[in-house]
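The values are calculated or read from the model by the stated rules, or taken from the named source; none is laboratory data. The structure displayed is predicted, hence computed values, not measured ones. Quick reminder, even Gly has a Cβ in these numbers, built from the backbone with ideal geometry, and neighbours come from all protein chains shown.
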Amino acid sequence: MAENFNRLYRAIISVNGDSERLAADEAMLTMTSALAQIPRLPMKLPLKGVLYAKERMDDEPGSAVSLPELAAIAGLGQFTFLRAFTQYSGMTPHAYLLQRRLSWVRQLITRGMSLADAAIAGGFADQSHMTRLFVRSYGYTPGLYARQCSKV
């Protein structure tokens, strides 16, 4: 592993032309392959604590919560909690919370709440922050969603 790392480091610091860039790319792939071959010990998933923290995010998606707070709820260290939650849910706690917030905002908009009020209730800094994430996740604006809901 150390030899692969040293080869990669030397290749990267000596890149001046296309041939050196090729050597650096090859060294990067060799290093990546070597890292992938390292056996991992299976992590026992502390499911009970992760579910408590997930429940906290599900119950109050609009409220502020920090990684240390979630880890404390789970009874785990921050890094252990982060790995366990990601392994359990397939996404980081932050990404999960954003998805929960967007889902909550959609429900509020469906019930007729204004976009600005829905953004605040959903825990977003402002309406534009909510709109950016809404469009990124769903592919359309919350305004368009509200108009479609009002037609139904």
Would you confirm, using the coordinates I've provided, whether PRO142 is crowded, with 17+ Cβ neighbours inside 10 Å, farther than 17 Å from ASP58 by Cβ and at pLDDT 95 or above? yes
Go over the candidates LEU108, LEU51, LEU82 one by one and state the one that is in the same structural domain as THR141 (by TED's automatic domain parsing), modelled with pLDDT of 85 or more and in a helix (DSSP H, G or I). LEU108
When TRP104 is run through (1) over 26 Å from LEU47 (Cα atoms); (2) in contact with a Gly (Cβ under 7 Å, 6 or more places away or on another chain), the failure sits at (1)
Considering (1) free of Cβ contacts under 8 Å to residues at least 24 places away in the same chain; (2) among the hydroxyl-bearing types (Ser, Thr, Tyr); (3) touching a Cys at 6+ places or on another chain (Cβ under 8 Å), say which one THR110 fails and leave the rest. (1)
Quick test of your reading of the structure: SER66 fulfils all but one of (1) surrounded by fewer than 17 Cβ atoms within 10 Å (Cβ to Cβ); (2) within 15 Å of the chain's Cα centre (by Cα); (3) closer than 30 Å to LYS151 by Cα. Name the failing condition by number. (3)
